[in-house]
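Below you'll find the structure, written out as C-alpha coordinates, and then a few comments.
The values are calculated or read from the model by the stated rules, or taken from the named source; none is laboratory data. All of these numbers come straight from a predicted model, not from anything done at the bench. Positions of Cβ are generated from backbone atoms using ideal geometry, with glycine treated the same way; all protein chains shown enter the neighbour counts.
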Amino acid sequence: MPRREFPRKVRAAAFLRANGACEKCGARLKVGEGEVDHVLPDALGGEPVLSNAKVLCRPCHAAKSADDVRRVRKSDRQRDRHIGAIRPACTIKSRGFPKAERRREPGEKERQLRALRERQHERQG
Ligand SMILES: [Zn+2]
(Lines give C-alpha, C1' and ligand atoms only; values in the text may rest on other atoms or scores of the structure.)
Protein backbone atom coordinates (compact mmCIF):
# COMPACT_ATOMS: atom_id res chain seq x y z
CA MET A 1 0.00 0.00 0.00
CA PRO A 2 1.45 3.40 -0.89
CA ARG A 3 2.21 5.80 1.91
CA ARG A 4 -0.68 8.19 2.50
CA GLU A 5 0.63 11.72 3.04
CA PHE A 6 -1.40 14.46 4.68
CA PRO A 7 -3.58 16.41 2.26
CA ARG A 8 -2.69 20.08 1.84
CA LYS A 9 -5.73 21.20 3.85
CA VAL A 10 -4.76 19.03 6.83
CA ARG A 11 -1.15 20.29 6.69
CA ALA A 12 -2.40 23.87 6.62
CA ALA A 13 -4.74 23.27 9.57
CA ALA A 14 -1.92 21.60 11.53
CA PHE A 15 0.42 24.56 10.95
CA LEU A 16 -2.31 26.97 12.04
CA ARG A 17 -2.88 24.96 15.22
CA ALA A 18 0.88 24.81 15.95
CA ASN A 19 1.03 28.60 15.70
CA GLY A 20 4.70 28.73 14.77
CA ALA A 21 6.03 26.35 17.41
CA CYS A 22 7.00 22.69 17.61
CA GLU A 23 4.03 20.87 19.15
CA LYS A 24 6.37 18.66 21.17
CA CYS A 25 9.20 20.78 22.56
CA GLY A 26 7.73 24.22 21.87
CA ALA A 27 10.72 25.47 19.85
CA ARG A 28 9.89 28.44 17.63
CA LEU A 29 9.77 27.46 13.96
CA LYS A 30 10.84 29.70 11.11
CA VAL A 31 8.85 29.61 7.88
CA GLY A 32 9.44 26.27 6.15
CA GLU A 33 11.01 24.64 9.20
CA GLY A 34 8.08 22.67 10.59
CA GLU A 35 7.47 19.07 9.57
CA VAL A 36 4.07 17.35 9.82
CA ASP A 37 4.43 14.05 11.64
CA HIS A 38 2.04 11.09 11.73
CA VAL A 39 1.31 10.56 15.46
CA LEU A 40 0.38 6.95 14.68
CA PRO A 41 2.59 5.97 11.74
CA ASP A 42 0.97 5.43 8.36
CA ALA A 43 2.42 1.91 8.30
CA LEU A 44 0.54 1.09 11.52
CA GLY A 45 -2.78 2.34 10.19
CA GLY A 46 -2.50 6.01 11.16
CA GLU A 47 -4.95 8.07 9.09
CA PRO A 48 -3.82 11.24 7.31
CA VAL A 49 -6.19 13.43 9.35
CA LEU A 50 -5.66 16.45 11.59
CA SER A 51 -6.06 14.48 14.83
CA ASN A 52 -3.17 12.25 13.72
CA ALA A 53 -0.95 15.17 12.68
CA LYS A 54 1.64 17.01 14.76
CA VAL A 55 3.89 19.83 13.63
CA LEU A 56 7.41 19.10 14.87
CA CYS A 57 10.80 20.77 14.64
CA ARG A 58 13.49 18.84 12.78
CA PRO A 59 15.20 17.28 15.84
CA CYS A 60 11.86 16.17 17.36
CA HIS A 61 10.75 14.72 14.03
CA ALA A 62 14.03 12.85 13.54
CA ALA A 63 13.77 11.29 17.00
CA LYS A 64 10.09 10.41 16.50
CA SER A 65 10.74 8.87 13.09
CA ALA A 66 13.55 6.68 14.42
CA ASP A 67 11.17 5.46 17.11
CA ASP A 68 8.43 4.87 14.54
CA VAL A 69 10.77 2.72 12.45
CA ARG A 70 11.40 0.51 15.48
CA ARG A 71 7.66 0.25 16.16
CA VAL A 72 6.88 -0.65 12.55
CA ARG A 73 9.65 -3.29 12.44
CA LYS A 74 8.38 -4.80 15.67
CA SER A 75 4.83 -4.90 14.34
CA ASP A 76 6.10 -6.58 11.15
CA ARG A 77 7.91 -9.21 13.20
CA GLN A 78 4.85 -9.84 15.37
CA ARG A 79 2.64 -10.23 12.30
CA ASP A 80 5.13 -12.57 10.60
CA ARG A 81 5.42 -14.68 13.74
CA HIS A 82 1.64 -14.75 14.08
CA ILE A 83 1.09 -16.01 10.54
CA GLY A 84 3.87 -18.56 10.97
CA ALA A 85 6.32 -16.97 8.53
CA ILE A 86 9.05 -17.01 11.18
CA ARG A 87 9.62 -19.82 13.62
CA PRO A 88 9.79 -18.88 17.27
CA ALA A 89 13.32 -18.79 18.64
CA CYS A 90 14.41 -21.94 20.42
CA THR A 91 13.50 -21.69 24.08
CA ILE A 92 16.09 -22.45 26.71
CA LYS A 93 15.02 -25.27 28.95
CA SER A 94 16.19 -24.85 32.48
CA ARG A 95 15.55 -26.57 35.72
CA GLY A 96 14.34 -23.30 37.23
CA PHE A 97 14.99 -22.16 40.73
CA PRO A 98 14.53 -24.45 43.69
CA LYS A 99 11.38 -23.76 45.66
CA ALA A 100 12.82 -22.39 48.87
CA GLU A 101 10.72 -22.26 51.96
CA ARG A 102 10.40 -18.70 53.16
CA ARG A 103 10.59 -18.48 56.91
CA ARG A 104 8.36 -15.91 58.51
CA GLU A 105 9.07 -14.54 61.93
CA PRO A 106 6.16 -14.84 64.31
CA GLY A 107 3.83 -11.84 63.91
CA GLU A 108 5.52 -10.63 60.71
CA LYS A 109 2.40 -10.82 58.59
CA GLU A 110 0.38 -8.89 61.17
CA ARG A 111 3.05 -6.18 61.30
CA GLN A 112 3.02 -5.84 57.48
CA LEU A 113 -0.77 -5.57 57.43
CA ARG A 114 -0.75 -2.88 60.13
CA ALA A 115 1.91 -0.86 58.26
CA LEU A 116 -0.14 -1.10 55.06
CA ARG A 117 -3.30 0.09 56.81
CA GLU A 118 -1.42 3.01 58.36
CA ARG A 119 -0.11 4.06 54.97
CA GLN A 120 -3.60 3.94 53.46
CA HIS A 121 -4.89 5.95 56.41
CA GLU A 122 -2.21 8.65 55.90
CA ARG A 123 -3.11 8.93 52.23
CA GLN A 124 -6.79 9.46 53.01
CA GLY A 125 -6.11 12.38 55.26
ZN1 LIG B 1 10.61 20.05 18.81
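Here is how the numbers come out for the structure above:
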{"item": "Residue satisfying all of: in the range 6-30; within 16 Å of the ligand (Cβ to nearest atom) and either touching a helix residue (DSSP H, G or I) at 6+ places or on another chain (Cβ under 7 Å) or among the β-branched types (V, I, T) (or both); nearest to R58 (Cα to Cα) among these", "result": "C22"}
{"item": "Residue match in the range 47-54 (condition: more than 16 Å from the ligand (Cβ to nearest atom), among the hydroxyl-bearing types (S, T, Y) and without any contact (Cβ under 8 Å) to a residue 40 or more places away in the chain)", "result": "yes"}
{"item": "Candidates L50, L56, L44 - the one that is under 30 Å from C25 (Cβ atoms), in contact with a helix residue (DSSP H, G or I) (Cβ under 8 Å, 6 or more places away or on another chain) and modelled with pLDDT under 95", "result": "L44"}
{"item": "Residue that is more than 28 Å from the chain's Cα centre (by Cα), surrounded by fewer than 11 Cβ atoms within 10 Å (Cβ to Cβ) and outside any strand (DSSP E or B), where the choices are R70, R119", "result": "R119"}
{"item": "Those residues of the range 31-42 which are farther than 9 Å from L56 by Cβ and within 13 Å of the ligand (Cβ to nearest atom), in sequence order", "result": "E33"}
{"item": "Filter pass, A63 being more than 16 Å from the ligand (Cβ to nearest atom), assigned to a helix (DSSP H, G or I) and surrounded by 12 or more Cβ atoms within 10 Å (Cβ to Cβ)", "result": "no"}
{"item": "Residues being of a type in the set (D, E), in a loop (DSSP other than H, G, I, E, B) and closer than 30 Å to R79 by Cα - total across the range 1-56", "result": "2"}
